[in-house]
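What follows draws every value from the coordinates through simple rules; no lab data is involved. Everything numeric in this text was worked out from a predicted model, so none of it was measured. Methodologically, a virtual Cβ is constructed for each residue, glycine included, from the backbone with ideal geometry; neighbour enumeration extends over all protein chains shown.
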């Protein structure tokens, strides 16, 4: 379980799951092993997590966003689960769609056209993610780190490589087609919901106090 630093390996026959923090809704990934894990420093990932935290969702413990990617093969949701979900975009021109629970504002999954419907993205610090742990490949969008607001980048993230070679590996993984899928795609779930709510947030706008004024602990919380 990727919660509070714990790491639990799962039986190969089990599914990985992204739960909301109150336990009412969950997404099941039928391919339990994540295909990729990265540390993201971009402003939009950070802003999305700050927005749900400001709405009573998962608390914002660190500015780095811990991202896991799964093959886009999910178990279908029943009508009760679907009625508990909505989606948002940060702004009118935003390309990222976040799948969020109404009950506790957990972000269960994220879609972006760049993924070409091959992977589902999960922010493990914006929900309760139960899945095998894999080591991070790299950090991404280093130029989005807000040192003036959040201070020095945590050493665990700073030690990861951010390079053209790493980005090519990233692209090769997230654009790899899903073969012999058994379930549905994240896009099938989003299509059953009303159009995304547009939050109207300006780029780089911060919604919470600086990380240094929050009880964020030391280092990265996996």
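Observations
- Rounded to the nearest angstrom and listed largest first, the equivalent-ellipsoid semi-axes of the stretch 155-195 from its Cα gyration tensor are 31, 16, 10.
- Placing one equal scatterer on every Cα of the stretch 95-222 and applying the Debye formula, the log10 ratio I(q)/I(0) at q = 0.15 Å⁻¹ is -1.01.
- Rule-of-thumb Rg ratio for the stretch 32-129 [Cα; 2.2 N^0.38 Å; N residues]: 1.03
- Just checking the listed ones, 53, 158, 109: in the Gaussian network model of the chain with Cα springs under 10 Å, the one fluctuating most is 158.
- Sorted largest first, the principal axis extents computed over the alpha-carbon atoms of the stretch 16-197 equal 44, 38, 32 Å.
- Distance from the stretch 67-135 to the stretch 156-184 (C-alpha centre basis), Å: 17
- Put simply, when 28-34, 42-48 are sorted by average Cβ atoms within 10 angstrom per residue, most first, you get 42-48, 28-34.
- Antiparallel bridges, percent of DSSP beta bridges restricted to the chain (to nearest 5): 85
- Inter-label distance for residue 188 and residue 24, nm, one decimal - labels placed 7 Å from Cα along Cα-to-Cβ: 2.5
- Cα principal axis extents for the stretch 59-113, largest first, Å: 34, 26, 26
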